[in-house]
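> Starting off with a structure, shown below.
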């Protein structure tokens, strides 16, 4: 990669293109001059994809194609003409009866299906996998004096015991990806974002954005289990994906987090900043590990994170703009 204009920007694939993060990543890739092939389950579903066609550069440099994570070979032709693949797609649904079948199997098998297709492409430069900071911090031996970094892995047993199915799915999928790419000649980099905050480009809010909206409207039920969390602006996460894709020296895992806060610190911050919002006054204190994140690795590549003020201001403005919050709250 270089900086000599659009002629050097190649063709890249983004899986799960209509998602919360993937939409932002595609927006940033198009602004940067890339040709983007986005995979979705149904390219003809206007409600799911119309926001992508409105992005700057979409008419000229975006293609949306059908692909299914659970269908072996589904990504073969999609990734064949690409120099880079950004694998963001992963189930985040709340399981109904069988979490292993509904969340864990699709996450692991879907990741391996994409990587098997990548292996067939001799011109592939790098794969960037969207993992999660939850693949590092769910352990019962965390020392509050030692910040969590990329060398940490969550405990599979603890995830199962606490029924943290999303965290378990991300941990197992990332481990499977590293195992596959260590055995095959694929240059893999993984990004581990904390909790994403910011404007939602898709009209339907995903579970992450819905949880935030609920909190801003005074509902504690989805946030009360979060305890202590890292927070990061969604645009920073999109930019970090491109940074680790383009940077020749990027390798391994990269934690992405601006600020780590307990629930009660978070609502204290929100109450002071948005006094007219019906934000909960406080949460029951959970017996959770105190930790902070060490993000010096991604900062070493030049990454600078937006503040809590910026991420929530952008988030609230977007929710008002989309009609989820009344404009009186701006």
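The values are calculated or read from the model by the stated rules, or taken from the named source; none is laboratory data. Not measured: the values here are computed from a predicted model. As a convention, Cβ positions derive from the backbone with ideal geometry for all residues, glycine included, and neighbour counts pool all protein chains shown.
> Considering only region 184-221, how many residues are assigned to a loop (DSSP other than H, G, I, E, B) and over 29 Å from residue 116 (Cβ atoms)? Let's see the steps before the verdict.
Taking region 184-221 and keeping what is assigned to a loop (DSSP other than H, G, I, E, B), we get 184-187, 194, 198-206, 217-221.
With over 29 Å from residue 116 (Cβ atoms) added as a condition, the list becomes 194, 198-201, 203-205, 217-221.
Final tally of qualifying residues: 13.
> Among the residues of region 228-265, how many are surrounded by fewer than 17 Cβ atoms within 10 Å (Cβ to Cβ) and within 23 Å of residue 147 (Cα to Cα)?
Final tally of qualifying residues: 4.
> Suppose we filter region 216-242 for residues that are over 15 Å from the mean Cα position of the chain (by Cα) and closer than 22 Å to residue 292 by Cβ; how many remain? Lay out the reasoning, then the answer.
First pass over region 216-242, keeping only residues over 15 Å from the mean Cα position of the chain (by Cα): 216-228.
Of the ones still in play, those that are also closer than 22 Å to residue 292 by Cβ are 223-228.
Of the residues in region 216-242, 6 are over 15 Å from the mean Cα position of the chain (by Cα) and closer than 22 Å to residue 292 by Cβ.
> How many residues does region 272-295 contain that are more than 23 Å from residue 220 (Cβ to Cβ) and touching a residue at least 60 places away in the same chain (Cβ under 8 Å)?
Step one: list which residues in region 272-295 are more than 23 Å from residue 220 (Cβ to Cβ), which gives 292-295.
Now narrow it down to the ones that are touching a residue at least 60 places away in the same chain (Cβ under 8 Å): 292-294.
Residues in region 272-295 being more than 23 Å from residue 220 (Cβ to Cβ) and touching a residue at least 60 places away in the same chain (Cβ under 8 Å): 3 in total.
> Can you tell me which of (1) touching a residue at least 12 places away in the same chain (Cβ under 8 Å); (2) part of a helix (DSSP H, G or I); (3) out of contact with any strand residue (DSSP E or B) (no Cβ under 6 Å at 6 or more places or on another chain) is the one residue 224 doesn't meet?
(2)
> Taking the conditions exactly as written (farther than 29 Å from residue 156 by Cβ and either in a loop (DSSP other than H, G, I, E, B) or out of contact with any strand residue (DSSP E or B) (no Cβ under 6 Å at 6 or more places or on another chain) (or both)), does residue 122 satisfy them or not?
On the way: farther than 29 Å from residue 156 by Cβ: yes; either in a loop (DSSP other than H, G, I, E, B) or out of contact with any strand residue (DSSP E or B) (no Cβ under 6 Å at 6 or more places or on another chain) (or both): yes.
In short, yes.
> Residues to consider are 194, 209; find the one that is surrounded by 21 or more Cβ atoms within 10 Å (Cβ to Cβ), at pLDDT below 95, under 30 Å from residue 246 (Cα atoms) and in contact with a strand residue (DSSP E or B) (Cβ under 9 Å, 6 or more places away or on another chain).
209
> Tell me the helices (runs of 4 or more DSSP H) entirely within region 1-90 that contain at least 2 residues that are in contact with a strand residue (DSSP E or B) (Cβ under 6 Å, 6 or more places away or on another chain) and surrounded by 18 or more Cβ atoms within 10 Å (Cβ to Cβ). First the steps, then the outcome.
Details: elements: 20-32, 46-53, 58-61, 76-80.
Output list reads 20-32, 76-80.
> Still on this structure: Starting from residues that are closer than 17 Å to residue 36 by Cα and touching a helix residue (DSSP H, G or I) at 6+ places or on another chain (Cβ under 8 Å), keep the ones in region 81-95 and report whichever is modelled with the lowest pLDDT.
Among those that are closer than 17 Å to residue 36 by Cα and touching a helix residue (DSSP H, G or I) at 6+ places or on another chain (Cβ under 8 Å), it is 89.
> Between 134, 117, which is free of Cβ contacts under 8 Å to residues at least 40 places away in the same chain, out of contact with any strand residue (DSSP E or B) (no Cβ under 6 Å at 6 or more places or on another chain) and in a helix (DSSP H, G or I)?
Numbers: 117 fails: free of Cβ contacts under 8 Å to residues at least 40 places away in the same chain.
134 is the lone residue from the list that is free of Cβ contacts under 8 Å to residues at least 40 places away in the same chain, out of contact with any strand residue (DSSP E or B) (no Cβ under 6 Å at 6 or more places or on another chain) and in a helix (DSSP H, G or I).
> Continuing with the same structure: Does region 162-173 contain any residue that is in a strand (DSSP E or B), within 14 Å of the chain's Cα centre (by Cα), modelled with pLDDT of 95 or more and closer than 28 Å to residue 315 by Cβ? Step through it out loud before you land on a result.
Restricting attention to region 162-173, the residues satisfying the condition of being in a strand (DSSP E or B) are none.
The answer is no; no qualifying residue exists.
> Please tell me if residue 176 is at pLDDT below 95, within 21 Å of residue 16 (Cα to Cα), touching a helix residue (DSSP H, G or I) at 6+ places or on another chain (Cβ under 8 Å) and assigned to a helix (DSSP H, G or I). Full working, then the answer.
On the way: at pLDDT below 95: no; within 21 Å of residue 16 (Cα to Cα): yes; touching a helix residue (DSSP H, G or I) at 6+ places or on another chain (Cβ under 8 Å): yes; assigned to a helix (DSSP H, G or I): yes.
No, not satisfied.
> Taking the conditions exactly as written (modelled with pLDDT under 90, under 20 Å from the mean Cα position of the chain (by Cα), surrounded by 16 or more Cβ atoms within 10 Å (Cβ to Cβ) and in a loop (DSSP other than H, G, I, E, B)), does residue 106 satisfy them or not? Let's see the steps before the verdict.
Working: modelled with pLDDT under 90: yes; under 20 Å from the mean Cα position of the chain (by Cα): yes; surrounded by 16 or more Cβ atoms within 10 Å (Cβ to Cβ): yes; in a loop (DSSP other than H, G, I, E, B): no.
When the stated conditions are applied, residue 106 does not pass them.
> Follow-up. Restricting to region 137-161, count the residues that are assigned to a helix (DSSP H, G or I) and either at pLDDT 95 or above or surrounded by fewer than 17 Cβ atoms within 10 Å (Cβ to Cβ) (or both). Walk me through how you get there before you give the answer.
To start, the set of residues in region 137-161 that are assigned to a helix (DSSP H, G or I) comprises 156-161.
Now narrow it down to the ones that are either at pLDDT 95 or above or surrounded by fewer than 17 Cβ atoms within 10 Å (Cβ to Cβ) (or both): 156-158, 160-161.
Adding up the residues that qualify gives 5.
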